[in-house]
Amino acid sequence: MKIDLLAELEWRGLKYQHTAGLAEALAAGQVAAYCGFDPTADSLHVGSLVQIMGLVHLERAGHRPVLLVGGGTGLIGDPSGKANERQLADQATIETNAQRIADQVRRFVQFDLVNNAEWLTSLNLVEFLRDVGKHFTVNYMLQKESVSARMDAGISFTEFSYMLLQAYDFLELNRRKNVTLQLGGSDQWGNITAGIELIRRTTGNEANALTLPLVTNSAGTKFGKTESGTVWLDPAKTSPYQFYQFWINIDDRDVGRYLRYFTLFDREEIEALEREVVDFPERRTAQRALARDVTTRVHGPDAAASASRVSVVLFGAGASMRDLTVDDLGTLRSEMPYVTANFDKVIDVVEVAAGHGILASKGEARRLIQQGGLYVNDRRVTPETTAIGTDDLLAGRYVILRKGARNRTLIEFV
């Protein structure tokens with residue numbers, strides 16, 4: 001059954017704004033549509049997933065995605081959504097970043113890959129001003145949000161010109177690949193419509209725009225930001241476990257919306273998960289489904305399964321730490337305090353905790369044991385059971401020492 005792209009985006013809450021002729025163009029046959037990402041960082045973040053999922057739905061509806069990496073525009077920097085001028089990166093960095101971003105998007109969708117450095121870095125300034133700049137008045141550009149929002153703080157001519165470069169990208173893709181639709185975040189509407197205007201004025205062709213919402217959470221803060229910073233798609237910047245935890249910790253008020261945005265679950269599945277949120281919020285069934293699905297797409301099924309096991313064992317109920325694999329425990333080395341200790345058949349937990357700075361002193365360790373607040377793995381330590389033996393070792397060499405409800409240290413015995 002053919003998917004109606006606009007109807008699909010509508011029920012998922014992903015349709016923000018589009019040009020009047022888009023529905024007719026989509027109904028007429030396959031449309032080539034592009035979405036651009038400037039490689040100003042070496043990774044995309046979770047906020048970029050909205051645009052990526054837009055490309056996924058486009059492909060599922062039978063249309064042709066084109067991914068543009070801004071090897072040229074990345075040298076300039078898009079002022080949209082930025083209060084201050086971007087730091088400019090060198091060309092080698094931009095090229096490396098562009099390849100990494102393409103690899104990340106490829107996990108979600110198949111696409112034609114283009115880099116606007118192909119045409120932008122060889123542009124002749126005089127010809128560009130004559131052939132492109134003449135079609136735009138300064139007044140027209142000042143009306144666009146990406147420019148007007150920066151007028152008080154100041155905007156350089158470099159970033160002021162970004163709109164023209166993005167418009168030129170649309171024109172070049174229309175000429176080279178018959179691209180007639182540009183997809184982007186709602187803050188890109190002005191830049192996209194500038195491209196539509198340039199195509200109309202120079203070739204007479206019809207083109208369209210489709211924007212997706214910029215995501216915030218129920219508290220009104222920007223999506224994808226945590227206390228520790230941005231949540232990246234690169235596992236070296238945000239580990240798969242941290243990535244999984246980000247989705248597990250989504251507020252009940254947001255999880256239904258994010259299931260619509262970031263998964264391909266159908267309406268019936270999502271509504272069933274939403275009922276779970278209402279009836280059994282403590283189970284976090286919807287959050288787990290969201291976390292598992294998105295982590296699988298970004299990091300693969302093995303990383304998602306490992307993150308799920310670690311999360312359930314550490315924060316769930318009814319699971320044993322014996323379920324953790326060697327790889328899972330290796331993951332935990334970077335996620336919690338970690339120490340190494342010598343092991344000779346049996347060792348006393350009081351000695352380990354005090355001797356490696358996990359607790360301030362042996363006296364504190366003994367008081368905590370008397371209060372029932374010290375655990376070796378799943379086992380509560382008592383004054384009679386302070387010995388750590390080989391049977392306590394996870395994967396033959398690890399112990400998780402827990403103080404209270406959440407304060408954990410991973411000990412590797414060597």
For the chain, what % of the accessible area comes from carbon and sulfur atoms, probe 1.4 Å? 48 percent
Hey, with R₀ at 35 Å, roughly what FRET efficiency would Leu214 and Asp90 work out to, going by the Cβ-Cβ distance, to 0.05? 0.75
Relative to the compact-globule scaling 2.2 N^0.38 Å, provide the ratio for the alpha-carbon radius of gyration of the range 219-318. 1.04
Rg/Rh over Cα atoms for the range 100-141, Kirkwood Rh, comes to 1.21
Amide H to amide H, which residues 5 or more places from Gly71 or on other chains are under 5 Å from it, using H placed in the peptide plane? Asn116, Ala117
Rolling a 1.4 Å sphere over the protein heavy atoms, what is the accessible area per residue of the range 245-353, to the nearest Å²? 49 Å²
I'd like the projected area of the chain, averaged over all directions, using the convex hull of its alpha carbons. Report it in nm² with one decimal. 24.3 nm²
Evaluate the distance, in nm, between pseudo-label points positioned 7 Å from the Cα of Val126 and of Glu351 along their respective Cα→Cβ axes. 8.5 nm
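The values are calculated or read from the model by the stated rules, or taken from the named source; none is laboratory data. Note that the structure is predicted; figures quoted are calculated from it, not measured. All Cβ positions, glycine included, derive from the backbone under ideal geometry; neighbour counts span all protein chains shown. Heads up: the accessible areas ignore ligands, DNA and RNA and are worked out on the full protein's heavy atoms, side chains in. Shrake-Rupley method; radii C 1.70, N 1.55, O 1.52, S 1.80 Å.
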